[in-house]
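Q: After the C-alpha coordinates below, expect a handful of questions from me.
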Amino acid sequence: MSGTEHKLWGGRFAGGPAPALVAVNRSITTDLRLWPFDIQLSQAWARGLVSAGVLTAPEAEAVVAGLDRVAGRIAAGEAPMASDEDVHTFVDRLLHVEAGEPASRLHTGRSRNDQVATGTRLWAMDACDRVTLMVREVQGALVAQAELHVEALMPAYTHLQRAQPVSVCHWLLSHFWPLERDLARLAAARAGAAVLPLGSGAIAGSAFPVPREQLREVLGFQSISPNSIDAVGDRDFVAEVLFALSLLGAHLSRIGEDLILFGSSEFGFVRFGDAFSTGSSMMPQKRNPDALELARGSGARLLGDLTALLATLKGLPSGYNKDLQEDKRSLFGAVDAVTLLLPAVAGSIATLTFDRARMRAAVTSAMMATDLADYLVRKRVTFRDSHGAVGRLVREAEEKGIEMTALSFESYAKAHPAFDRDVYAELDPESSLRHRELPGGTGLMAVREQLRVAAALLQ
Ligand code: ARG
(Lines give C-alpha, C1' and ligand atoms only; values in the text may rest on other atoms or scores of the structure.)
Protein backbone atom coordinates (compact mmCIF):
# COMPACT_ATOMS: atom_id res chain seq x y z
CA MET A 1 0.00 0.00 0.00
CA SER A 2 2.77 2.47 0.90
CA GLY A 3 4.37 1.50 -2.38
CA THR A 4 1.60 3.06 -4.47
CA GLU A 5 2.41 6.23 -6.38
CA HIS A 6 0.84 9.22 -4.64
CA LYS A 7 0.25 12.63 -6.17
CA LEU A 8 -1.05 15.86 -4.65
CA TRP A 9 -2.15 17.15 -8.05
CA GLY A 10 -2.79 15.96 -11.61
CA GLY A 11 -6.56 15.56 -12.03
CA ARG A 12 -6.77 18.36 -14.56
CA PHE A 13 -4.17 16.83 -16.90
CA ALA A 14 -4.93 14.24 -19.54
CA GLY A 15 -1.51 12.66 -19.35
CA GLY A 16 1.28 12.53 -16.80
CA PRO A 17 4.24 14.90 -16.64
CA ALA A 18 7.27 14.28 -18.84
CA PRO A 19 10.19 12.57 -17.12
CA ALA A 20 12.31 15.69 -17.64
CA LEU A 21 9.72 17.77 -15.78
CA VAL A 22 9.46 15.25 -12.97
CA ALA A 23 13.23 15.27 -12.62
CA VAL A 24 13.66 19.02 -12.53
CA ASN A 25 10.66 19.55 -10.27
CA ARG A 26 11.55 16.92 -7.70
CA SER A 27 12.89 18.51 -4.53
CA ILE A 28 12.75 15.66 -2.05
CA THR A 29 16.49 15.02 -2.17
CA THR A 30 16.88 18.51 -0.73
CA ASP A 31 13.79 19.02 1.37
CA LEU A 32 13.44 15.60 3.02
CA ARG A 33 15.09 17.02 6.10
CA LEU A 34 12.07 19.25 6.67
CA TRP A 35 10.05 16.20 7.66
CA PRO A 36 9.98 16.64 11.46
CA PHE A 37 8.65 20.16 10.99
CA ASP A 38 6.25 19.17 8.24
CA ILE A 39 4.77 16.61 10.61
CA GLN A 40 4.64 19.04 13.50
CA LEU A 41 2.85 21.72 11.50
CA SER A 42 0.45 19.16 10.00
CA GLN A 43 -0.49 17.97 13.47
CA ALA A 44 -1.21 21.55 14.50
CA TRP A 45 -3.16 22.06 11.27
CA ALA A 46 -5.28 18.93 11.91
CA ARG A 47 -6.31 20.28 15.31
CA GLY A 48 -6.91 23.70 13.81
CA LEU A 49 -9.31 22.12 11.32
CA VAL A 50 -11.45 20.96 14.25
CA SER A 51 -12.11 24.55 15.32
CA ALA A 52 -12.72 25.38 11.67
CA GLY A 53 -15.42 22.67 11.53
CA VAL A 54 -13.63 20.58 8.89
CA LEU A 55 -12.49 17.64 11.02
CA THR A 56 -14.16 16.07 14.03
CA ALA A 57 -11.98 15.81 17.09
CA PRO A 58 -11.60 12.01 16.71
CA GLU A 59 -10.62 12.46 13.06
CA ALA A 60 -8.02 15.04 13.99
CA GLU A 61 -6.60 12.77 16.67
CA ALA A 62 -6.45 9.92 14.17
CA VAL A 63 -4.44 12.18 11.86
CA VAL A 64 -2.16 13.30 14.70
CA ALA A 65 -1.54 9.70 15.78
CA GLY A 66 -1.02 8.68 12.15
CA LEU A 67 1.56 11.44 11.73
CA ASP A 68 3.35 10.19 14.83
CA ARG A 69 3.60 6.79 13.17
CA VAL A 70 4.80 8.41 9.95
CA ALA A 71 7.50 10.16 11.96
CA GLY A 72 8.50 6.84 13.44
CA ARG A 73 8.79 5.29 10.00
CA ILE A 74 10.86 8.09 8.53
CA ALA A 75 13.08 8.22 11.61
CA ALA A 76 13.62 4.48 11.20
CA GLY A 77 14.93 5.12 7.71
CA GLU A 78 11.93 4.71 5.42
CA ALA A 79 13.05 6.04 2.07
CA PRO A 80 10.93 8.13 -0.31
CA MET A 81 9.70 6.58 -3.55
CA ALA A 82 10.84 7.85 -6.92
CA SER A 83 7.35 9.28 -7.40
CA ASP A 84 7.46 11.38 -4.20
CA GLU A 85 7.83 14.91 -5.53
CA ASP A 86 8.73 16.55 -2.26
CA VAL A 87 8.69 16.02 1.49
CA HIS A 88 5.03 17.06 1.68
CA THR A 89 4.02 14.43 -0.85
CA PHE A 90 6.08 11.79 0.96
CA VAL A 91 4.56 12.53 4.38
CA ASP A 92 1.06 12.71 2.87
CA ARG A 93 1.50 9.33 1.16
CA LEU A 94 2.61 7.63 4.35
CA LEU A 95 -0.17 9.34 6.29
CA HIS A 96 -2.78 7.89 3.97
CA VAL A 97 -1.41 4.45 4.76
CA GLU A 98 -1.36 5.13 8.49
CA ALA A 99 -4.60 7.06 8.98
CA GLY A 100 -6.88 6.26 6.05
CA GLU A 101 -9.82 8.50 5.19
CA PRO A 102 -9.23 11.37 7.64
CA ALA A 103 -5.82 11.83 5.99
CA SER A 104 -7.64 12.84 2.81
CA ARG A 105 -9.21 15.77 4.67
CA LEU A 106 -5.95 17.17 6.09
CA HIS A 107 -4.99 19.27 3.09
CA THR A 108 -8.24 21.26 3.32
CA GLY A 109 -7.71 25.02 3.30
CA ARG A 110 -3.96 24.82 3.02
CA SER A 111 -1.48 24.70 0.19
CA ARG A 112 2.07 23.51 -0.04
CA ASN A 113 2.82 27.22 -0.44
CA ASP A 114 1.98 28.12 3.16
CA GLN A 115 3.07 24.66 4.28
CA VAL A 116 6.62 24.86 2.92
CA ALA A 117 7.02 28.45 4.10
CA THR A 118 5.99 27.35 7.60
CA GLY A 119 8.22 24.28 7.61
CA THR A 120 11.23 26.18 6.31
CA ARG A 121 10.75 28.84 8.96
CA LEU A 122 10.60 26.21 11.70
CA TRP A 123 13.74 24.60 10.30
CA ALA A 124 15.51 27.97 10.15
CA MET A 125 14.55 28.82 13.74
CA ASP A 126 15.93 25.49 14.90
CA ALA A 127 19.09 25.95 12.83
CA CYS A 128 19.70 29.37 14.40
CA ASP A 129 19.50 27.74 17.83
CA ARG A 130 21.92 24.97 16.83
CA VAL A 131 24.41 27.35 15.23
CA THR A 132 24.22 29.62 18.28
CA LEU A 133 25.36 26.79 20.56
CA MET A 134 28.25 25.98 18.22
CA VAL A 135 29.36 29.61 18.04
CA ARG A 136 29.37 29.62 21.84
CA GLU A 137 31.83 26.70 21.70
CA VAL A 138 34.23 28.74 19.59
CA GLN A 139 33.86 31.67 21.96
CA GLY A 140 34.47 29.29 24.87
CA ALA A 141 37.70 28.08 23.28
CA LEU A 142 38.84 31.68 22.77
CA VAL A 143 38.04 32.62 26.36
CA ALA A 144 39.78 29.53 27.75
CA GLN A 145 42.97 30.41 25.87
CA ALA A 146 42.59 34.09 26.72
CA GLU A 147 42.48 33.26 30.43
CA LEU A 148 45.90 31.59 30.14
CA HIS A 149 47.60 34.49 28.41
CA VAL A 150 46.53 37.74 30.05
CA GLU A 151 50.09 38.73 30.91
CA ALA A 152 51.75 37.48 27.75
CA LEU A 153 52.72 40.16 25.24
CA MET A 154 52.70 40.12 21.47
CA PRO A 155 52.80 42.66 18.68
CA ALA A 156 49.49 43.93 17.38
CA TYR A 157 49.64 44.60 13.66
CA THR A 158 48.25 47.24 11.37
CA HIS A 159 48.83 46.72 7.65
CA LEU A 160 50.38 43.47 8.90
CA GLN A 161 53.32 45.56 10.12
CA ARG A 162 54.31 45.46 13.79
CA ALA A 163 52.38 48.26 15.44
CA GLN A 164 52.09 48.23 19.24
CA PRO A 165 52.43 45.71 22.06
CA VAL A 166 49.23 44.10 23.35
CA SER A 167 48.25 41.37 25.72
CA VAL A 168 47.79 38.03 23.96
CA CYS A 169 44.44 37.87 25.76
CA HIS A 170 43.45 41.13 24.11
CA TRP A 171 44.20 39.75 20.65
CA LEU A 172 42.32 36.50 21.35
CA LEU A 173 39.28 38.40 22.58
CA SER A 174 39.38 40.59 19.47
CA HIS A 175 37.96 37.48 17.78
CA PHE A 176 35.36 36.93 20.52
CA TRP A 177 33.36 40.11 19.92
CA PRO A 178 32.67 39.65 16.19
CA LEU A 179 31.17 36.26 17.11
CA GLU A 180 29.07 37.96 19.77
CA ARG A 181 27.69 40.26 17.08
CA ASP A 182 27.05 37.21 14.90
CA LEU A 183 24.93 35.77 17.69
CA ALA A 184 22.90 38.97 17.86
CA ARG A 185 22.37 38.77 14.09
CA LEU A 186 21.37 35.11 14.36
CA ALA A 187 18.89 35.99 17.09
CA ALA A 188 17.44 38.74 14.90
CA ALA A 189 17.25 36.36 11.93
CA ARG A 190 15.50 33.80 14.13
CA ALA A 191 12.99 36.43 15.16
CA GLY A 192 12.51 37.30 11.49
CA ALA A 193 11.69 33.66 10.80
CA ALA A 194 9.25 33.41 13.71
CA VAL A 195 6.27 34.75 11.75
CA LEU A 196 3.62 32.13 10.98
CA PRO A 197 2.49 31.86 7.31
CA LEU A 198 0.15 28.89 7.89
CA GLY A 199 -3.43 29.90 7.14
CA SER A 200 -2.37 31.85 4.05
CA GLY A 201 -3.39 28.99 1.75
CA ALA A 202 -2.03 29.23 -1.77
CA ILE A 203 -2.23 33.02 -1.96
CA ALA A 204 -5.52 34.46 -0.70
CA GLY A 205 -5.85 32.96 2.78
CA SER A 206 -7.63 29.82 3.92
CA ALA A 207 -11.36 29.61 3.22
CA PHE A 208 -11.85 27.89 6.59
CA PRO A 209 -11.62 29.83 9.85
CA VAL A 210 -8.57 28.08 11.26
CA PRO A 211 -7.44 29.63 14.56
CA ARG A 212 -4.14 31.14 13.43
CA GLU A 213 -3.32 32.49 16.90
CA GLN A 214 -3.62 28.99 18.26
CA LEU A 215 -1.39 27.64 15.49
CA ARG A 216 1.15 30.35 16.25
CA GLU A 217 1.20 29.46 19.91
CA VAL A 218 1.40 25.68 19.41
CA LEU A 219 4.17 25.93 16.81
CA GLY A 220 6.25 28.46 18.74
CA PHE A 221 5.99 31.44 16.40
CA GLN A 222 6.11 35.00 17.69
CA SER A 223 3.47 36.48 15.41
CA ILE A 224 1.26 35.65 12.44
CA SER A 225 1.81 36.99 8.94
CA PRO A 226 -0.42 39.99 8.21
CA ASN A 227 -0.81 39.39 4.45
CA SER A 228 -1.31 36.04 2.71
CA ILE A 229 0.22 37.18 -0.62
CA ASP A 230 3.34 38.36 1.15
CA ALA A 231 3.43 35.31 3.44
CA VAL A 232 3.77 32.69 0.69
CA GLY A 233 6.36 34.62 -1.34
CA ASP A 234 8.45 35.99 1.52
CA ARG A 235 11.93 34.52 1.97
CA ASP A 236 13.47 37.53 3.68
CA PHE A 237 14.10 35.34 6.69
CA VAL A 238 16.26 33.03 4.57
CA ALA A 239 18.25 36.02 3.33
CA GLU A 240 18.69 37.19 6.92
CA VAL A 241 19.93 33.82 8.12
CA LEU A 242 22.26 33.60 5.12
CA PHE A 243 23.64 37.06 5.76
CA ALA A 244 24.26 36.23 9.41
CA LEU A 245 26.03 33.03 8.35
CA SER A 246 28.06 34.77 5.64
CA LEU A 247 29.39 37.28 8.12
CA LEU A 248 30.00 34.51 10.63
CA GLY A 249 31.92 32.76 7.84
CA ALA A 250 33.96 35.92 7.27
CA HIS A 251 34.81 36.04 10.97
CA LEU A 252 35.82 32.38 11.08
CA SER A 253 37.91 33.04 8.01
CA ARG A 254 39.69 35.92 9.74
CA ILE A 255 40.38 33.82 12.84
CA GLY A 256 41.72 31.18 10.49
CA GLU A 257 43.91 33.63 8.65
CA ASP A 258 45.46 35.05 11.85
CA LEU A 259 46.21 31.57 13.15
CA ILE A 260 47.54 30.29 9.84
CA LEU A 261 49.96 33.23 9.73
CA PHE A 262 50.92 32.95 13.38
CA GLY A 263 51.46 29.22 12.99
CA SER A 264 53.91 29.63 10.12
CA SER A 265 57.59 29.12 10.92
CA GLU A 266 58.18 32.77 10.09
CA PHE A 267 55.92 33.92 12.93
CA GLY A 268 56.10 30.83 15.10
CA PHE A 269 53.69 32.28 17.67
CA VAL A 270 51.38 29.28 17.86
CA ARG A 271 51.65 25.56 17.26
CA PHE A 272 48.64 23.59 16.04
CA GLY A 273 47.63 20.60 18.14
CA ASP A 274 48.21 17.14 16.69
CA ALA A 275 44.48 16.43 16.62
CA PHE A 276 43.92 19.49 14.43
CA SER A 277 46.93 19.22 12.12
CA THR A 278 47.26 17.32 8.91
CA GLY A 279 50.36 15.92 7.28
CA SER A 280 51.59 15.89 3.73
CA SER A 281 51.71 12.83 1.51
CA MET A 282 55.14 13.93 0.35
CA MET A 283 56.78 16.18 2.93
CA PRO A 284 57.10 14.30 6.22
CA GLN A 285 57.73 17.42 8.31
CA LYS A 286 54.44 19.15 7.53
CA ARG A 287 51.93 20.22 10.18
CA ASN A 288 49.15 21.85 8.21
CA PRO A 289 46.17 23.79 9.61
CA ASP A 290 43.62 22.40 7.15
CA ALA A 291 40.56 23.11 9.30
CA LEU A 292 41.47 26.78 9.47
CA GLU A 293 42.16 26.93 5.76
CA LEU A 294 38.76 25.37 5.12
CA ALA A 295 37.25 27.97 7.44
CA ARG A 296 38.81 30.59 5.19
CA GLY A 297 37.73 28.74 2.05
CA SER A 298 34.16 28.05 3.11
CA GLY A 299 33.59 31.75 3.61
CA ALA A 300 33.44 31.99 -0.17
CA ARG A 301 30.72 29.35 -0.48
CA LEU A 302 28.63 31.03 2.22
CA LEU A 303 28.78 34.26 0.27
CA GLY A 304 27.69 32.32 -2.78
CA ASP A 305 24.64 30.94 -0.97
CA LEU A 306 23.58 34.42 0.10
CA THR A 307 24.12 35.80 -3.39
CA ALA A 308 22.14 32.96 -5.00
CA LEU A 309 19.17 33.56 -2.72
CA LEU A 310 19.17 37.32 -3.22
CA ALA A 311 19.38 36.83 -6.97
CA THR A 312 16.46 34.39 -6.80
CA LEU A 313 14.27 36.88 -4.95
CA LYS A 314 15.00 39.84 -7.14
CA GLY A 315 12.52 40.17 -9.96
CA LEU A 316 10.05 37.53 -8.74
CA PRO A 317 6.40 38.45 -9.19
CA SER A 318 4.42 38.54 -5.95
CA GLY A 319 3.15 35.36 -4.33
CA TYR A 320 4.69 31.90 -4.53
CA ASN A 321 6.83 30.97 -7.55
CA LYS A 322 8.67 27.71 -7.99
CA ASP A 323 11.97 29.59 -8.04
CA LEU A 324 11.51 29.72 -4.28
CA GLN A 325 12.11 25.99 -4.02
CA GLU A 326 15.79 26.87 -4.51
CA ASP A 327 15.84 28.69 -1.17
CA LYS A 328 16.42 25.45 0.69
CA ARG A 329 19.55 24.50 -1.23
CA SER A 330 21.16 27.77 -0.16
CA LEU A 331 19.84 27.67 3.39
CA PHE A 332 20.74 24.05 4.06
CA GLY A 333 24.09 24.36 2.30
CA ALA A 334 25.10 27.33 4.42
CA VAL A 335 23.93 25.79 7.69
CA ASP A 336 25.70 22.54 6.81
CA ALA A 337 28.90 24.43 6.06
CA VAL A 338 29.02 26.23 9.40
CA THR A 339 27.92 23.08 11.21
CA LEU A 340 31.07 21.40 9.95
CA LEU A 341 33.31 24.41 10.47
CA LEU A 342 32.41 25.62 13.93
CA PRO A 343 33.48 22.49 15.88
CA ALA A 344 36.66 22.28 13.78
CA VAL A 345 37.53 25.90 14.48
CA ALA A 346 36.69 25.50 18.18
CA GLY A 347 38.93 22.43 18.36
CA SER A 348 41.73 24.12 16.46
CA ILE A 349 41.71 26.99 18.95
CA ALA A 350 41.37 24.79 22.02
CA THR A 351 44.41 22.70 21.06
CA LEU A 352 46.75 25.58 20.19
CA THR A 353 49.91 26.07 22.16
CA PHE A 354 51.46 29.50 22.34
CA ASP A 355 55.17 30.24 22.17
CA ARG A 356 55.08 33.15 24.57
CA ALA A 357 58.82 33.77 24.42
CA ARG A 358 58.69 34.11 20.68
CA MET A 359 55.67 36.40 20.80
CA ARG A 360 57.40 38.55 23.38
CA ALA A 361 60.62 38.62 21.35
CA ALA A 362 58.67 39.98 18.39
CA VAL A 363 57.82 43.08 20.45
CA THR A 364 60.68 45.32 19.38
CA SER A 365 61.63 48.70 20.81
CA ALA A 366 60.59 50.51 17.61
CA MET A 367 57.02 49.50 18.51
CA MET A 368 57.35 51.84 21.50
CA ALA A 369 57.63 54.88 19.22
CA THR A 370 54.06 55.96 19.88
CA ASP A 371 54.68 55.65 23.61
CA LEU A 372 57.76 57.85 23.28
CA ALA A 373 55.71 60.46 21.47
CA ASP A 374 53.04 60.22 24.17
CA TYR A 375 55.79 60.67 26.79
CA LEU A 376 56.69 64.03 25.25
CA VAL A 377 53.03 64.98 25.03
CA ARG A 378 52.76 64.41 28.78
CA LYS A 379 55.55 67.01 29.04
CA ARG A 380 53.35 69.46 27.10
CA VAL A 381 55.08 69.00 23.72
CA THR A 382 52.50 68.96 20.91
CA PHE A 383 51.86 65.57 19.39
CA ARG A 384 52.99 66.84 15.99
CA ASP A 385 56.40 67.90 17.32
CA SER A 386 56.71 64.69 19.36
CA HIS A 387 55.92 62.58 16.32
CA GLY A 388 58.68 64.30 14.34
CA ALA A 389 61.24 63.98 17.13
CA VAL A 390 60.55 60.30 17.71
CA GLY A 391 60.57 59.67 13.97
CA ARG A 392 64.12 61.02 13.84
CA LEU A 393 65.14 58.73 16.70
CA VAL A 394 63.62 55.71 14.95
CA ARG A 395 65.58 56.58 11.82
CA GLU A 396 68.81 56.97 13.81
CA ALA A 397 68.36 53.56 15.48
CA GLU A 398 67.54 51.99 12.15
CA GLU A 399 70.62 53.51 10.50
CA LYS A 400 72.85 52.35 13.34
CA GLY A 401 71.19 48.96 13.31
CA ILE A 402 70.40 49.09 17.02
CA GLU A 403 67.32 49.01 19.25
CA MET A 404 65.82 52.25 20.53
CA THR A 405 66.92 51.15 24.00
CA ALA A 406 70.55 51.25 22.85
CA LEU A 407 70.42 54.87 21.68
CA SER A 408 72.42 57.19 23.93
CA PHE A 409 70.71 59.77 26.08
CA GLU A 410 72.52 62.42 24.00
CA SER A 411 70.59 61.22 20.97
CA TYR A 412 67.30 61.60 22.84
CA ALA A 413 68.25 65.03 24.17
CA LYS A 414 69.25 66.12 20.68
CA ALA A 415 65.96 64.86 19.20
CA HIS A 416 64.00 66.91 21.75
CA PRO A 417 65.04 68.84 24.85
CA ALA A 418 61.99 67.60 26.77
CA PHE A 419 63.43 64.07 26.99
CA ASP A 420 64.66 63.15 30.49
CA ARG A 421 66.74 60.19 31.59
CA ASP A 422 63.52 58.46 32.70
CA VAL A 423 62.72 57.99 28.99
CA TYR A 424 64.28 54.51 29.01
CA ALA A 425 61.56 53.25 31.36
CA GLU A 426 59.10 54.30 28.69
CA LEU A 427 60.66 51.83 26.28
CA ASP A 428 59.45 48.93 28.40
CA PRO A 429 56.44 47.32 26.63
CA GLU A 430 54.76 46.76 29.99
CA SER A 431 54.67 50.51 30.48
CA SER A 432 52.90 50.84 27.14
CA LEU A 433 50.18 48.56 28.49
CA ARG A 434 50.02 50.45 31.79
CA HIS A 435 49.07 53.60 29.89
CA ARG A 436 46.12 51.82 28.28
CA GLU A 437 43.82 51.01 31.16
CA LEU A 438 40.82 52.77 29.69
CA PRO A 439 37.84 50.51 28.83
CA GLY A 440 38.56 48.57 25.65
CA GLY A 441 42.31 49.14 25.91
CA THR A 442 45.03 46.55 26.33
CA GLY A 443 46.02 47.56 29.89
CA LEU A 444 46.04 44.41 31.99
CA MET A 445 43.27 45.55 34.32
CA ALA A 446 41.14 46.59 31.37
CA VAL A 447 41.82 43.25 29.68
CA ARG A 448 40.88 41.35 32.84
CA GLU A 449 37.62 43.28 32.97
CA GLN A 450 36.99 42.54 29.29
CA LEU A 451 37.67 38.87 29.95
CA ARG A 452 35.25 38.88 32.87
CA VAL A 453 32.48 40.35 30.68
CA ALA A 454 33.21 37.87 27.88
CA ALA A 455 33.24 34.88 30.23
CA ALA A 456 29.97 36.05 31.80
CA LEU A 457 28.31 36.07 28.38
CA LEU A 458 29.11 32.38 28.07
CA GLN A 459 27.20 31.51 31.24
N1 ARG B 1 8.61 21.77 -2.93
C2 ARG B 1 8.01 23.09 -2.98
C3 ARG B 1 9.02 24.12 -2.48
O4 ARG B 1 9.94 23.73 -1.84
C5 ARG B 1 6.78 23.12 -2.17
C6 ARG B 1 5.78 24.11 -2.61
C7 ARG B 1 5.20 23.70 -3.88
N8 ARG B 1 4.13 24.58 -4.27
C9 ARG B 1 3.60 24.52 -5.50
N10 ARG B 1 2.67 25.35 -5.78
N11 ARG B 1 4.02 23.67 -6.40
O12 ARG B 1 8.87 25.30 -2.71
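Q: Taking the Cβ of A188 as the centre, find all other residues whose Cβ is under 12 Å away and add up their charges (Lys, Arg: +1; Asp, Glu: -1).
A: Numbers: positive: R181, R185, R190; negative: D182, D236, E240.
Counting the neighbours of A188, the net charge comes to 0.
Q: So, one more: Could you derive backbone 3J(HN,Hα) for the range 170-176 from the dihedral phi with the Karplus parameters 6.51, -1.76 and 1.60 (θ = phi - 60°), listing whole Hz in sequence and x where the residue is Gly or Pro?
A: 5, 5, 4, 6, 5, 9, 6
Q: Name the longest site-free stretch of the chain, where the excluded sites are GluC sites (Glu not before Pro) in a DSSP loop with no more than 14 other beta-carbon atoms within 10 Å.
A: Excluding the exposed sites themselves, the longest stretch runs over 267-402.
Q: Next question. With every protein chain left in place and a probe of 1.4 Å, what is the accessible surface of D420, to the nearest 10 Å²?
A: Estimated to the nearest 10 Å², D420 gives 80 Å².
Q: Let me ask another. Does anyone have the angle between helix 369-378 and the longest principal axis of the chain? Alpha-carbon axes, 0 to 90°, nearest 10?
A: It is inclined by approximately 70 degrees.
Q: Next question. Take the alpha carbon gyration tensor of the range 1-137, find the square roots of its eigenvalues, order them as a ≥ b ≥ c, and report rounded if a/c is under 1.5; if not, report prolate when a/b exceeds b/c, else oblate.
A: The shape class here is oblate.
Q: Calculate, for the chain, the solvent-accessible area per residue in square angstrom, rolling a 1.4 angstrom probe over the heavy atoms of the protein chains. Before the final figure, lay out each step's value.
A: On the way: 21130 Å² over 459 residues.
Normalised by residue count, the accessible surface of the chain is 46 Å².
Q: Evaluate 2.2 N^0.38 Å with N set to the residue count of the range 290-338, then give the Cα radius of gyration divided by it.
A: The range 290-338 yields a ratio of 1.36.
Q: Taking all protein chains as present, what is the carbon and sulfur share of the accessible area of the chain, in % to the nearest whole number, probe 1.4 Å?
A: Carbon plus sulfur share of accessible area: 57 percent.
Q: Right, here's the next one. Which lysines, if any, have their Cα less than 22 Å from the Cα of K414, not counting same-chain residues under 8 positions apart?
A: K414 reaches K379, K400.
Q: Summing +1 for each Lys or Arg and -1 for each Asp or Glu, what net charge is found among the other residues whose Cβ lies under 14 Å from the Cβ of V241?
A: Net charge around V241: -2.
Q: While we're looking at this one, here's another question. Once both labels are modelled 7 Å past Cα along the beta-carbon direction, what's the T158-A14 spacing in nm?
A: 7.7
Q: Across 10 Å bins from 0, what is the distribution of all Cα-Cα pair distances for the chain, in whole percents?
A: Calculated P(r), rounded to whole percents: 4, 17, 21, 17, 14, 11, 8, 5, 3, 1, 0.
Q: Hey, another quick one. Kindly sort S264, S167 by accessible area of their heavy atoms, largest first, with the probe set to 1.4 Å.
A: S264, S167
Q: With just the Cα atoms of the range 105-154, tell me how far they stretch along each of the three principal axes, in Å, largest first.
A: Dimensions of the range 105-154 along the principal axes of its Cα atoms: 68, 17, 7 Å.
Q: Two-decimal Rg/Rh of the range 138-193 from alpha-carbon positions, Kirkwood Rh?
A: Numbers: Rg = 14.6 Å, Rh = 12.7 Å.
For the range 138-193, the value is 1.15.
Q: Could you derive backbone 3J(HN,Hα) for the range 405-411 from the dihedral phi with the Karplus parameters 6.51, -1.76 and 1.60 (θ = phi - 60°), listing whole Hz in sequence and x where the residue is Gly or Pro?
A: 5, 8, 5, 6, 5, 4, 4
Q: Out of residues 5 or more away from E437 or on other chains, whose amide H comes under 5 Å of its own, with H placed 1.01 Å from N in the peptide plane?
A: Here the answer is G443, since their amide H atoms fall under 5 Å of that of E437.
Q: Taking N as the number of residues in the range 229-278, what value does Rg over Cα atoms divided by 2.2 N^0.38 Å take?
A: 1.91
Q: Could you pull out every one of the aspartates and glutamates with an alpha carbon less than 17 Å from that of K328, ignoring same-chain neighbours closer than 8 positions?
A: The reachable aspartates and glutamates, counting only those whose Cα sits under 17 Å from K328, are D31, D38, E85, D86, D114, D126, D234, D236, E240, D305, D336.
Q: Each residue of the range 155-164 in turn: what ³J(HN,Hα) in whole Hz from Karplus with 6.51, -1.76, 1.60 and θ = phi - 60°, glycine and Pro shown as x?
A: x, 9, 10, 10, 6, 6, 10, 3, 10, 8
Q: Could I ask something else about it? For a test of the definition: using alpha carbon positions, the gyration tensor, and the 1.5 limit on a/c, classify the range 236-336 as rounded, prolate or oblate.
A: prolate
Q: Right, next: Taking H as built 1.01 Å from N, whose amide H comes closer than 5 Å to the amide H of V270, not counting residues under 5 places away?
A: It is G263, D355, by chain and number.
Q: Tell me the relative contact order for the chain as a rounded percent, counting alpha carbon contacts under 8 Å between residues six or more apart.
A: 16
Q: Here's another thing I want to ask about it. Could you give the angle, 0 to 90 degrees to the nearest 10, between helix 112-148's Cα long axis and the longest principal axis of the Cα atoms of the chain?
A: Here the helix axis deviates by roughly 20 degrees.
Q: Among residues other than R358 whose Cβ falls under 13 Å from its Cβ, what is the net charge (Lys/Arg +1, Asp/Glu -1)?
A: Details: positive: R271, R356, R360; negative: E266, D355.
Counting the neighbours of R358, the net charge comes to +1.
The values are calculated or read from the model by the stated rules, or taken from the named source; none is laboratory data. Being a predicted model, the structure only gives us computed values, none of them experimental. With ideal geometry, Cβ positions are generated from the backbone for all residues, glycine too; neighbour counts draw on all protein chains shown. Accessible surface is based on the protein model in full, side chains and every heavy atom, while ligands, DNA and RNA are left aside. Shrake-Rupley method; radii C 1.70, N 1.55, O 1.52, S 1.80 Å.
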